[in-house]
1. Pick from region 12-40 the residues that are of a type in the set (Lys, Arg) and in contact (Cβ under 8 Å) with a residue 12 or more places away in the chain: which of them is most open to solvent (accessible area, probe 1.4 Å)?
2. Inside region 25-61, can you point out the residues that are hydroxyl-bearing (Ser, Thr, Tyr) and within 13 Å of the chain's Cα centre (by Cα)?
3. Within region 32-50, is even one residue basic (Lys, Arg), modelled with pLDDT under 95 and touching a Phe, Trp or Tyr at 6+ places or on another chain (Cβ under 8 Å)?
4. Please enumerate the residues belonging to region 41-59 that are out of contact with any helix residue (DSSP H, G or I) (no Cβ under 9 Å at 6 or more places or on another chain) and open to solvent by less than 100 Å² (accessible area, probe 1.4 Å).
Amino acid sequence: MKNFVYKPTYPEYAYMYIISDNNGYMKIGIAKDPEKRIKQLQTGHATKLDILFTEEFYCRRSHLLKIEKL
């Protein structure tokens, strides 16, 4: 029996993330690079931001954007 290797149908991938600050505010979003995204958000934010959750998805970014709007 041959080894089965999963290859995603979509060559695209993106992360869904949850970022929070010390005041309890949260941002749910989508990015190719969550670390880069938190640095961008941190520049305009007075308190420290932390990534609480990330999940990688192999699908079109437009599919995740639909989920994000729910």
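1. So the first thing to find is which residues in region 12-40 are of a type in the set (Lys, Arg), and the list is 27, 32, 36-37, 39.
Still in the running and in contact (Cβ under 8 Å) with a residue 12 or more places away in the chain: 27, 32, 37.
On the way: 27: 72, 32: 100, 37: 67 Å².
Here the residue is 32.
2. Step one: filter region 25-61 for residues hydroxyl-bearing (Ser, Thr, Tyr), giving 25, 43, 47, 54, 58.
Within region 25-61, 54, 58 qualify.
3. Yes: region 32-50 contains one or more residues that are basic (Lys, Arg), modelled with pLDDT under 95 and touching a Phe, Trp or Tyr at 6+ places or on another chain (Cβ under 8 Å).
4. Pass one, region 41-59, residues out of contact with any helix residue (DSSP H, G or I) (no Cβ under 9 Å at 6 or more places or on another chain): 41-47, 52-53, 55-56, 58-59.
Correct list: 41, 42, 44, 45, 47, 53, 55, 56, 59.
The values are calculated or read from the model by the stated rules, or taken from the named source; none is laboratory data. Note that this is a predicted model, so its numbers are computed, not measured. Methodologically, a virtual Cβ is constructed for each residue, glycine included, from the backbone with ideal geometry; neighbour enumeration extends over all protein chains shown. Heavy atoms of the whole protein, side chains included, go into the accessibility calculation; ligands, DNA and RNA do not. Shrake-Rupley method; radii C 1.70, N 1.55, O 1.52, S 1.80 Å.
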